[in-house]
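Step one of this worksheet: look at the structure below.
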Amino acid sequence: MEQKITCLIADDEPMALELIESYVNKTPFLELRGKCINGFDVLDLLAKEQIDLLFLDIQMPGLNGLELSKTLRKKNRVIFTTAFDKYALEGFKVEALDYLLKPFDYNEFLTAANKALEWFTLQRSGKQTTLSSNDYMFVKADYKQIKIDYSDIYYFEGLKDYVKIWLKSRPRPILTLMSLKSLEETLPADRFMRVHRSYIIALDAIKSIERNCVIINDQPIAVADKYKDIFNEFVNRKSVQ
């Protein structure tokens, strides 16, 4: 059997805790490590247990779910559970895997849990291979996870809290809520390069280089001074003398 996803539940409503616990126990790939009634209890449990996934209520006394999620390490992922849909955008801003609106049934819970399974499976398999062997990514857009092949990407364009992903397969970009900085940390360095505060390019999509710009899909993208040295090093390695 594959390694299970360890999880905890945090909710200040006893009935909600019991219901989600029953859902976790029905899901073969989840292993419950604890239940908490507030955010401070969650922090205590995280210090003692190895936790992968947190089912977090947003409205909890003291430290609420959104505040708590901002303190978590990258390897901890969150699925929010709440009775208020007004928090959906905030949930995606902190890169939650999903957002369950109470009352939700087991089928809805399982759909969210499967997203977590997919994410952790990718991460765990990635640790056993080189970065260049990974050939796709998943991004959140339009309240779903979209698979994108690396070979289909022209470039990423940052717009404040959002990123536009320009693809070869579609005329309009995919818009997803994330930062270029966090994206840069996950992309394989042998396939993508940051060349500007607002742009990460796919190296194999470069059509030509003109002065201080790269041309991708007939779009000129400036190479900022901060990134010129590393970009020029890449070009020199690939140049035929």
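The values are calculated or read from the model by the stated rules, or taken from the named source; none is laboratory data. Here the structure is a predicted model, which is why all the values come from computation and not from measurement. Ideal geometry is used to build each Cβ from the backbone, glycine not excepted, and the neighbour counts take in all protein chains shown.
I216 passes every criterion in (1) farther than 11 Å from F156 by Cα; (2) modelled with pLDDT of 95 or more; (3) out of contact with any Lys or Arg (no Cβ under 9 Å at 6 or more places or on another chain) apart from (3).
Listed here are the residues, each with its yes/no results for (1) modelled with pLDDT of 75 or more; (2) crowded, with 23+ Cβ neighbours inside 10 Å; (3) closer than 23 Å to L175 by Cβ.
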residue: F55; (1), (2), (3): yes, yes, no
residue: Q59; (1), (2), (3): yes, no, no
residue: N64; (1), (2), (3): no, no, no
residue: K75; (1), (2), (3): no, no, no
residue: K86; (1), (2), (3): no, no, yes
residue: E90; (1), (2), (3): no, no, yes
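The sole residue among K127, K147 that is out of contact with any Lys or Arg (no Cβ under 9 Å at 6 or more places or on another chain), over 27 Å from I20 (Cβ atoms) and either of a type in the set (F, W, Y) or at pLDDT 85 or above (or both) is K147.
Sub-6 Å Cβ pairs linking a first residue in the range 140-165 that is within 24 Å of Q219 (Cα to Cα) and assigned by TED's automatic domain parsing to the domain that holds E184 to a second residue that is small (G, A, S) and surrounded by fewer than 16 Cβ atoms within 10 Å (Cβ to Cβ), at least 6 apart or interchain, are D152/S169, ordered by first then second residue. Of all residues in the range 10-24, none are at pLDDT 95 or above, part of a strand (DSSP E or B) and touching a helix residue (DSSP H, G or I) at 6+ places or on another chain (Cβ under 7 Å). Taken as a whole, the condition of being in contact with a Leu (Cβ under 9 Å, 6 or more places away or on another chain) and at negative phi does not apply to R237.
Here's a check for you: in the range 1-32, which residue that is within 23 Å of the chain's Cα centre (by Cα) and charged (D, E, K, R) is farthest from G65 (Cα to Cα)? Only one residue tops the list, namely E2. Of the residues L32, L45, the single one that is in a strand (DSSP E or B) and touching a residue at least 12 places away in the same chain (Cβ under 8 Å) is L32. Listed conditions (1) of a type in the set (D, E, K, R); (2) in contact (Cβ under 8 Å) with a residue 60 or more places away in the chain; (3) surrounded by fewer than 21 Cβ atoms within 10 Å (Cβ to Cβ) are all met by D11, apart from (3).
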